[in-house]
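Here is the structure we will look at, set down as C-alpha cells.
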Amino acid sequence: MSFVVSSWRPRSASWLQGDRCDEKCVWPVNSVYSNIEFWTYGATPSKMDDVEIDWYRTCSHLQSGECGKDCAWCRYSVPSDEPLGLQSDWARCRCYDDRPMRYANPCPNNEDTDRSRCGSNCEFCNMSWPADDTAMWFSSEAECRCVPKDRYKIEFG
C-alpha cells in the first residue's frame, strides 16, 4: 500500500505528470497533517499502549466504545495531550482494567456502597475481585463491578 499527499496551487497540473514542480507552481506550500488513521478492511485499530491517557468516569456499559467482552472496567478517556479533553474526537470509552474477575453476591443499592464501577446501565452490580487474588472478599481490590453479560448466561446441557 502506498499513500501520497500533495498540496499545490498551480495554474495547470502539467507539472504533476512530470517529476517535479517547475516555475508554474507555487512552492513551497506548507501543510500540516495530524491524527491520520489508516484502516484496511476487517482490521481493528491498534491499542493506544504508547499514548498517555487521562481517565474519567465509568461508561454506561462494559462493552461501550473500544471496550470488549473481557473488559472489567470501561471508562471515558482521552489522550493526555489533547487540549479539548472530553470534547475531543479522541475521547471515548476504553478498557481501564481487563484482568479476569470473580463475581459474588449483588452489591447493596444504598448510599453506603460504592457502585461507581458498575455504570448507569449495569444489570448486575456484584462484589468482585481479581480472579488470581487468593484473599477474595478481603482483597484490597474487592469492589462492586458490573458482571459482564457473558458471565450470567445460563447454559443447559
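What follows draws every value from the coordinates through simple rules; no lab data is involved. On a predicted model such as this, the values are computed, not experimentally measured, just so you know. We place every Cβ from the backbone using ideal geometry, glycine too, and count neighbours over all the protein chains shown.
If the chain linking Met136 and Asp54 were pulled fully straight, counting 0.36 nm for each residue of separation and taking away their Cα-Cα distance, it would gain 26.6 nm. When peptides 55-67, 105-117, 122-134, 76-88 are sorted by average Cβ neighbour count within 10 Å, with the highest value leading, the order is 55-67, 122-134, 76-88, 105-117.
If the segment from Val4 to Glu123 were pulled out straight at 0.36 nm per residue, it would be longer than the present Cα-Cα gap by 38.0 nm.
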